[in-house]
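Okay, structure first, notes after.
The values are calculated or read from the model by the stated rules, or taken from the named source; none is laboratory data. Since this is a predicted model, take the numbers as computed values, not measurements. In this analysis, Cβ positions are derived from the backbone assuming ideal geometry, glycine residues included, and neighbour counts consider all displayed protein chains.
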Amino acid sequence: MTSTSRLLAGVALATLAQPAFAQNAPPAPATTLTAPDTGGGTDDTIIVTGVRGGQARTVADSPVPIDVISRRELQATGRTGLKEILGNIVPSLTMPALGGGGTSASVKPIAIRGLSGDYLLVLVNGKRRHTTSLINNLSRISGGSTPVDIDLIPTNAVGRIEVLRDGAAAQYGSDAVSGVINIILDDAPKGGRFSITGGQQYSKGAPLLQTDLSYGTKLGEGGFFRAAVEAKYHDRADSSADAVPRILPLVNGQPDPREATLDHVYAGGYGRSNRDKMINGSYNAELPVGDTLRLYSFSTLSYRDIRDARGAYIPSSTGYGGQANTSGVAVLPQLYPTGFQAYRRIKETDFQVTGGAKGDLAGWAWDLSSSFGRDRVWLGAENTLNPSIGPTSPTSFYMGTQIQDLWVNNLDLSRDVEVGLAKPLSISVGAEHRWERFQSRAGEPDSYRNGGYQIPVDDTPFGQLYGGRYPSPGLVSFTGTSPADAASLSRNNLAGYVDLATNVTDAWFIGVAGRFEHYDDTAGNTLSGKVSTRYELAPGLAIRGGVNTGFRAPSLAQTGFSTTQNTTTVIGNTPVSTIAKFLPVNSAAAIALGAQPLKPEKSLNYTAGITYEAGALHLTLDAYQIRVNDRIVKTEFLGTASNGGTAIRDILIANGVTGVDSAQFFTNAIDTRTRGIDAVAEYTLRTTGLGAFRLSAAYSYNKTKILSIADNPAALSSLNVVLFGRQAQRDLVAALPRTKLVLTNDWSLGRVHALARATRYGRYTESSNVASGDRTFGGKWVADLDIGYDLTDRVTLAVGANNLFDTYPDRNGLIAADGSGAYGGFAPFGLSGGSYYARVGVSL
């Protein structure tokens, strides 16, 4: 019998065997998922993440740590995307200032509990969300990740968000290693909301305008239909880079007279680099049919147009501080006499639609659903050139298309069984089928071809400086996808799970879950398990904990991604321009360098905590350890002068890869251990004359350690090659703040309400391949303030500021030749200072 047949048979037997023990099944899942938005505490909110079965659980009695963020909290941050909102509220979640690299230039990577977004599962209404098609192949933080881009979900469509801070792969499958975000859409059956927000940075522009509308109505008897739409325009900020002394080549040894009229702060992408235009829409609907059957559907649809400043180029041979400008040869004076700011253009269409039915049958509550999602990105480049074509080069290019598809089918069954314990045994079983596909399609030839142009030797300053040289092929800013780099990969996955939970006594809860998954590619078979428990020591005082194993299957993008890029690598502290090839792991060249098929990353999590509640006071403290084996990372650039040199290039040439200086690929190379604590304190103070104060303090600490690094493959063992170098190792353990403290006061008095938040981010280090190049940035406090006034029962006015006191990171970075880098690039609160906004909201 095949593994797939065994899986399906096991799920069927588990399903059929349980009725013998049945007494009463729980009712069909409740219609209303969204808790009333009263603005009070969240400890009595019924949660749906991390629990199954018919017995309701709240935040207070959950056996695992979970945060619930209400709709009002989402709005009061004054931020316009779900990633920034959650990064502002959830202490264990952080984001670096700059976006990802390569094709993911405009998607900021997120990290939770010190692990990248790849280890975080995102659900919408409890159903798996598809990932982005944009692989983060160049960024030093979360390199190689393809996480879910939650910014493509309308903020005003959200009823609440549940953030499970624990591994849950045994319940939900791949990716749920460090936690789960469950975005629960608003299901209010009547009324609507309209708002408009405008603002900008204090001193760096970046105007923002966002408007949103949502409305709901009843559907049948006890059903609902709710739709939402939001539109946003957010321009890029003025650069935070330093001025360079010279833009143009010297003329007879003297500065060019045109220098006086030029802007010498030319690195336009340092800071907020995107100009975003976005429209997001959604609906959420449920229709009762008879007494026990309910049909449901929900969907999101987004279009995003990004113009991202990616690389600025000048013809001068030197830049900031006299550093060598390695890209000056590409700035052909016939097209760009005084240099240029290149732009990446991203046109993204994203949607997901889910349909299903749920009800009661033969004593079981059942839920059958199907969901399909797609992220499609058109990649382009503007205001740039392919210098190898020469002065006839176009200046705008189509670079290629990337597509990520996900189709998920689920059957979930649950019932409660009396077994003589304090509470019935909740039994949940289910099966899941997933099909996914990643495609990377070639761009136009001019975006990657070698035109063979040689710069003429003449009496111009440019010709005197660069004459006789051959510029690198492809775009100077980023090379398009060639037919050789194009890819199309797909796979199927079958999974089955069993989830059991009960109260052994009135004080002691225990839950056990197991899940088996089969992939029809190199990910193979995986088995995950979880045990969680909670024991109430005294009224309001409880301990909780759990152990779980999990996994993360390699993404198809990691398996099949390939690109050729003009890049700058740092050898010691010296930048060197190279042409680098990113190899798919199954290519002949990668295999010749020792690449192996990617296998799943395996995790082992421990968590233990204590909770206390007394009236308006709620306290939680949780400690955890997450071990991840066989983590997938990028190799170093293999083939540079200091890392394999001509021996590597000879291997590449022998396997059909020519015209490049170095190569990289993904590999299972390291084992890590992350330890940390999360602490939360909440207190609500209601006074007669001063209003209500909802006070909270949340603290997160984590530290990651590399336990082992894989030996070099046999093909490289004699070449003295470094596969995973010092900088990459240090970025895993020191690039993100280890500590984050969030203090919040949510106050209201009559028609006036205000939310003040102070966040302290701990120190972090931007490392180098040599210790002398390391730069450490100290901890910083960042304050946010939102003040609102209810003009009428339906109209609310609000003003606010994010980063109220215009805080910047320490000016301690290594400044690059283009003048960027003084503030580093990893700061979780940005490089563009504070911003202010005003908002008008209307209830319909």
Condition set among the β-branched types (Val, Ile, Thr) and outside any loop (DSSP other than H, G, I, E, B), scope region 667-693, selection surrounded by the fewest Cβ atoms within 10 Å (Cβ to Cβ): answer is Ile677
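Results for (1) among the hydrophobic types (A, V, I, L, M, F, W, C); (2) within 24 Å of the chain's Cα centre (by Cα), shown as yes or no for each residue.
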| residue | (1), (2) |
| --- | --- |
| Val476 | yes, no |
| Ser482 | no, no |
| His518 | no, no |
| Asn525 | no, no |
| Thr563 | no, yes |
For region 793-811 the number of residues that are under 11 Å from Gly841 (Cβ atoms) and surrounded by fewer than 16 Cβ atoms within 10 Å (Cβ to Cβ) is 3
>> Residues that are modelled with pLDDT under 95 and under 20 Å from His130 (Cα atoms): does region 521-528 have at least one?
In response: yes
Check: In this structure, is Asn720 part of a loop (DSSP other than H, G, I, E, B) and under 30 Å from Val628 (Cα atoms)?
Finding: yes
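Just to be sure, is Gly430 within 30 Å of Val289 (Cβ to Cβ), crowded, with 22+ Cβ neighbours inside 10 Å and of a type outside the set (A, V, I, L, M)?
Yes.
Check Gly644, Gly609, Gly639, Gly615 and return the single one that is touching a helix residue (DSSP H, G or I) at 6+ places or on another chain (Cβ under 7 Å) and not β-branched (Val, Ile, Thr).
Within the list Gly644, Gly609, Gly639, Gly615, the selection yields Gly639.
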Taking the conditions exactly as written (surrounded by fewer than 17 Cβ atoms within 10 Å (Cβ to Cβ) and among the small types (Gly, Ala, Ser)), does Ala507 satisfy them or not? yes
(1) under 21 Å from Ser139 (Cβ atoms); (2) at pLDDT 95 or above all hold for Ser820 apart from (2)
Whether any residue in region 743-757 is under 30 Å from Asp630 (Cα atoms), hydroxyl-bearing (Ser, Thr, Tyr), surrounded by fewer than 19 Cβ atoms within 10 Å (Cβ to Cβ) and touching a residue at least 12 places away in the same chain (Cβ under 8 Å) is what I want to check. no
With criteria (1) within 30 Å of Gly474 (Cα to Cα); (2) in a strand (DSSP E or B); (3) not hydrophobic (A, V, I, L, M, F, W, C), Gly656 comes up short on (2)
Given the conditions (1) under 21 Å from Ser603 (Cβ atoms); (2) surrounded by fewer than 23 Cβ atoms within 10 Å (Cβ to Cβ); (3) not hydrophobic (A, V, I, L, M, F, W, C), every one holds for Asn182 apart from (2)
Condition set among the hydroxyl-bearing types (Ser, Thr, Tyr) and surrounded by 21 or more Cβ atoms within 10 Å (Cβ to Cβ), scope region 593-636, selection farthest from Ala580 (Cα to Cα): answer is Thr611
Filtering region 476-496 for residues that are hydrophobic (A, V, I, L, M, F, W, C) and touching a helix residue (DSSP H, G or I) at 6+ places or on another chain (Cβ under 6 Å) leaves a count of 4
Considering region 225-279, residues that are acidic (Asp, Glu) and not in a loop (DSSP other than H, G, I, E, B), and then whichever is surrounded by the most Cβ atoms within 10 Å (Cβ to Cβ), we arrive at Glu230
Restricting attention to region 284-335, the residues that are among the aromatic types (Phe, Trp, Tyr) and at pLDDT 95 or above number exactly 3
Quick count over region 474-492, residues being among the polar types (S, T, N, Q) and surrounded by fewer than 23 Cβ atoms within 10 Å (Cβ to Cβ), is 4
Here the qualifying pairs (Cβ atoms under 7 Å; residues six or more apart or on different chains; first in region 822-844 and in contact (Cβ under 8 Å) with a residue 60 or more places away in the chain and of a type in the set (D, E, K, R); second surrounded by 21 or more Cβ atoms within 10 Å (Cβ to Cβ) and part of a strand (DSSP E or B)) come out as Arg839/Thr197; Arg839/Ala798
Going through region 62-89 in order, the residues found to be in a loop (DSSP other than H, G, I, E, B), modelled with pLDDT of 90 or more and of a type in the set (Val, Ile, Thr) are Val64
Filter region 41-61 for residues that are out of contact with any Leu (no Cβ under 7 Å at 6 or more places or on another chain) and of a type in the set (Gly, Ala, Ser); the one that is modelled with the highest pLDDT is Ala60
- Is it the case that some residue within region 271-280 is at positive phi, touching a residue at least 12 places away in the same chain (Cβ under 8 Å) and not aliphatic (A, V, I, L, M)? yes
For Arg434, the lone unmet condition from (1) under 30 Å from Lys127 (Cβ atoms); (2) not in a strand (DSSP E or B) is (2)
Checked pairs for region 105-133, first farther than 25 Å from Thr704 by Cβ, second in a loop (DSSP other than H, G, I, E, B) and of a type in the set (Phe, Trp, Tyr), C-beta under 9 Å and 6 or more apart or across chains, list as Ala105/Phe478
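Checking the conditions here, which among Asp790, Asp786 is surrounded by fewer than 21 Cβ atoms within 10 Å (Cβ to Cβ), in contact with a strand residue (DSSP E or B) (Cβ under 7 Å, 6 or more places away or on another chain) and at pLDDT 95 or above?
Values: Asp786 fails: surrounded by fewer than 21 Cβ atoms within 10 Å (Cβ to Cβ).
So the residue among Asp790, Asp786 that is surrounded by fewer than 21 Cβ atoms within 10 Å (Cβ to Cβ), in contact with a strand residue (DSSP E or B) (Cβ under 7 Å, 6 or more places away or on another chain) and at pLDDT 95 or above is Asp790.
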Scanning region 627-648 residue by residue, those in a strand (DSSP E or B) and in contact (Cβ under 8 Å) with a residue 60 or more places away in the chain turn out to be Arg627, Val628, Ile632, Val633, Lys634, Leu638
Filtering region 338-365 down to residues that are under 18 Å from Leu413 (Cβ atoms) and in contact with an Asp or Glu (Cβ under 7 Å, 6 or more places away or on another chain) yields Gly356, Lys358
The residue that is farthest from Leu138 (Cα to Cα), considering only those in region 728-750 that are of a type in the set (Gly, Ala, Ser) and part of a loop (DSSP other than H, G, I, E, B), is Gly750
Flagged in region 365-396 as in a strand (DSSP E or B), among the hydrophobic types (A, V, I, L, M, F, W, C) and crowded, with 20+ Cβ neighbours inside 10 Å, in numbering order, are Ala365, Trp366, Val377, Leu379, Ala381
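For (1) under 19 Å from Asn125 (Cα atoms); (2) at pLDDT 95 or above; (3) more than 23 Å from the chain's Cα centre (by Cα); (4) not in a loop (DSSP other than H, G, I, E, B), each residue gets a yes or a no:
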| position | (1), (2), (3), (4) |
| --- | --- |
| Asp166 | yes, no, no, no |
| Ala170 | yes, no, no, yes |
| Asp175 | yes, no, no, no |
| Asn182 | yes, yes, no, yes |
| Thr197 | no, yes, yes, yes |
| Gln200 | no, yes, yes, yes |
Does at least one position in region 329-344 carry a residue that is under 30 Å from Tyr233 (Cα atoms) and within 20 Å of the chain's Cα centre (by Cα)?
-> yes
